[in-house]
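Q: Structure incoming, see below.
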Amino acid sequence: MAGIPFGHVLALSGILVALGVACATARRNLIMILLGVEIMLNGASIAFAAAALRWQQLEGQAFVLFISAIAAAEVSMGLALIVHLYHRTGSLDSEKFNTLK
């Protein structure tokens, strides 16, 4: 079977996770932090799908479905919280939300 080598796919998923970490830690905008987390989840999904194809196991594909469901729930709840915080403070800067009240 000719295809993309497994190491290349793992390298791609590692690059996506690294880019997601860089985006989540370097930015102060809450939407960019949420986007960084989503990129990390996509990198993990690619790694699980590649491993499932490599070893012909369905568990990796099941994990991809669970990750997709969790990502959808995380985006909906995260965006709802971001909209609420924006209406309360008028800003998306994460430095303003450092205390619990």
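The values are calculated or read from the model by the stated rules, or taken from the named source; none is laboratory data. Predicted model only: the values in this text are computed from it and were never measured. Note that we place each Cβ from the backbone using ideal geometry, even for glycine, and neighbour counts take in every protein chain shown. When the accessible area is computed, the model is the full protein with side chains, heavy atoms only, and any ligands, DNA or RNA have been set aside. Shrake-Rupley method; radii C 1.70, N 1.55, O 1.52, S 1.80 Å.
Q: If you go through the stretch 1-25 one residue at a time, how many are over 24 Å from residue 59 (Cα atoms) and open to solvent by less than 80 Å² (accessible area, probe 1.4 Å)?
A: Final tally of qualifying residues: 6.
Q: Related question: Return a yes/no flag: does the stretch 60-74 have any residue that is closer than 19 Å to residue 4 by Cβ and either at pLDDT below 95 or touching a strand residue (DSSP E or B) at 6+ places or on another chain (Cβ under 7 Å) (or both).
A: yes
Q: Next up: Residue pairs, Cβ under 6 Å, 6 or more apart or interchain, first in the stretch 66-93 and over 20 Å from residue 27 (Cβ atoms), second modelled with pLDDT of 95 or more and surrounded by 14 or more Cβ atoms within 10 Å (Cβ to Cβ). List them.
A: Every condition considered, the pairs that remain are 67/41; 67/45.
Q: If you don't mind, there's one more thing I want to ask. Count, please, the residues in the stretch 32-63 that happen to be open to solvent by less than 90 Å² (accessible area, probe 1.4 Å), over 12 Å from the mean Cα position of the chain (by Cα) and hydrophobic (A, V, I, L, M, F, W, C).
A: The qualifying residues number 7.
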